[in-house]
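The values are calculated or read from the model by the stated rules, or taken from the named source; none is laboratory data. All values reported here derive from a predicted model rather than from experimental measurement. For neighbour counting, all protein chains shown are included, and Cβ atoms are generated from backbone atoms with ideal geometry for every residue, glycine included. For the accessible areas, the whole protein counts, side chains as well, though only heavy atoms, and no ligand, DNA or RNA atoms are used. Shrake-Rupley method; radii C 1.70, N 1.55, O 1.52, S 1.80 Å.
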Amino acid sequence: MSLFADLGMRYPIIQAPMAGVQNAELAMAVTGAGALGSLPAAMLGTAELRKALEQLAASGPGPFNINFFCHRQREPDPAEEHRWQQALAPFYAEFGVSTDAVSNGPSRAPFNAEHAAILAEFNPAVASFGLPAPELLARVKATGAKVFASATTVAEAKWLARHGADAIIAQGLEAGGHRGHFLNQDLSLQQGTFTLLPQIVAAVDLPIIAAGGIVDGKGIKAALALGASAVQMGTAFLCCHEATTSPLHRAALLGAHGRHTALTNLFSGRPARGIVNRLMRELGPLSALPPDFPHASGALAPLRAAAEKMGKSSFSPLWAGQNVSGCRSLAAAELISAWVAEADLA
């Protein structure tokens, strides 16, 4: 049997973990439909994470993927913070935002010993990250969880295979949200999904999951034909009923502007793909202005809140992949059923 059949998946479809636009409800709906639901955990406090895992455990025996970040988190740099707030000062003035409202606390926590202890309580089928430190990885593997890790280049895929990954997510440049790159920050090294995928399949003897630009059954079928064992889809779930995607974000996805995306580091300090909005246009999508990941979001939070209160998404991270054509206002199970039929997976 394949790794994915062993996990209890009926279909080789993984819902991408999407912090900020989903909770346990989407993961439960996806797993209930025979795919693999994912829970993004990096932005959850300990109590929130435990509550979400309790919800998943109570929903039935289906498999779930719990996702974390594995970044090296620096302490906030006052000079970087000041530079960033100065760059945002004209926007603060326009929207009546005080710098007193700015929080310098990190918005995402890297995987740590406390996370590992919580995973040991719940024994999820899959844990996904870049890859944590060896001692933390050993603790995860001791729970019986399979470890999925993201690669944006062939070199990263080979590194992950040598260091304990059970399956590799080949993340193409067109994928929405944050990049999984870790060996080299040069974005020019990254490729589109359907050029990266066959090269990783040829280079690594592990199950490979294709991610980026896949939004329907035709895309699933193409990825499987190129050697993927499964696909990971995020953008196509953003407008489904169970997602917590905001009305402003949904409107952007379904409108004409949704087709214009770019990689930007403005919202978190690390490159991620989203729909181009005012902040990206006026400061440039990739800039030396934001502080190191994940500290950029603190100075933006009150500005984002003020603009959203006025019905504007000018300063909101509108994460999306390059292909938003699959975004549909349906239940997750209906989407998966349509993809299964279109890809002849039944």
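For the chain, the relative contact order works out to 20 percent when only alpha carbon pairs closer than 8 Å and six or more residues apart are counted.
Both radii are taken from the alpha-carbon atoms of segment 20-137; with Rh as the Kirkwood radius, Rg/Rh is 1.10. Bridgeable lysines around residue 51 (alpha carbons under 26 Å apart, same-chain partners fewer than 8 residues away excluded): 141, 146. By the rule of a C-alpha distance below 20 Å, with chain neighbours fewer than 8 residues away ignored, the aspartates and glutamates paired with residue 309 are 94, 100. Of the accessible area of the chain, computed with a 1.4 Å probe over protein heavy atoms only, carbon and sulfur atoms account for 53 percent.
How large is the accessible surface per residue of the chain, computed with a 1.4 Å probe and reported in Å² as a whole number?
Using a 1.4 Å probe on heavy atoms only, each residue of the chain averages 41 Å².
Hydrophobic, long helices, defined as DSSP H runs whose alpha-carbon span along the helix axis is 20 Å or greater and whose mean Kyte-Doolittle value is at least 1.6, do not occur in the chain. Just to confirm a number: summing +1 for Lys and Arg and -1 for Asp and Glu over residues other than residue 322 whose beta-carbon lies under 12 angstrom from that of residue 322, what do you get? After counting each charged neighbour, the total is +1. Charge tally for residue 151 (other residues, Cβ to Cβ under 11 Å; Lys, Arg +1; Asp, Glu -1): +1.
Along the axis of the charge dipole computed for segment 171-261 (Cβ charges of +1 for Lys and Arg, -1 for Asp and Glu, origin at the Cα centre), the listed residues 189, 217, 247 are led at the positive end by 247. Centre-to-centre, using Cα atoms only, segment 1-57 and segment 162-194 are separated by 21 Å.
Given the convex hull over the Cα atoms of the chain, what projected area results after averaging over all orientations, in nm²?
Projected area, direction-averaged: 16.2 nm².
May I ask for the net charge around residue 126, where only other residues with Cβ less than 9 Å from the Cβ of residue 126 are counted and Lys, Arg are +1 while Asp, Glu are -1? Local net charge: 0.
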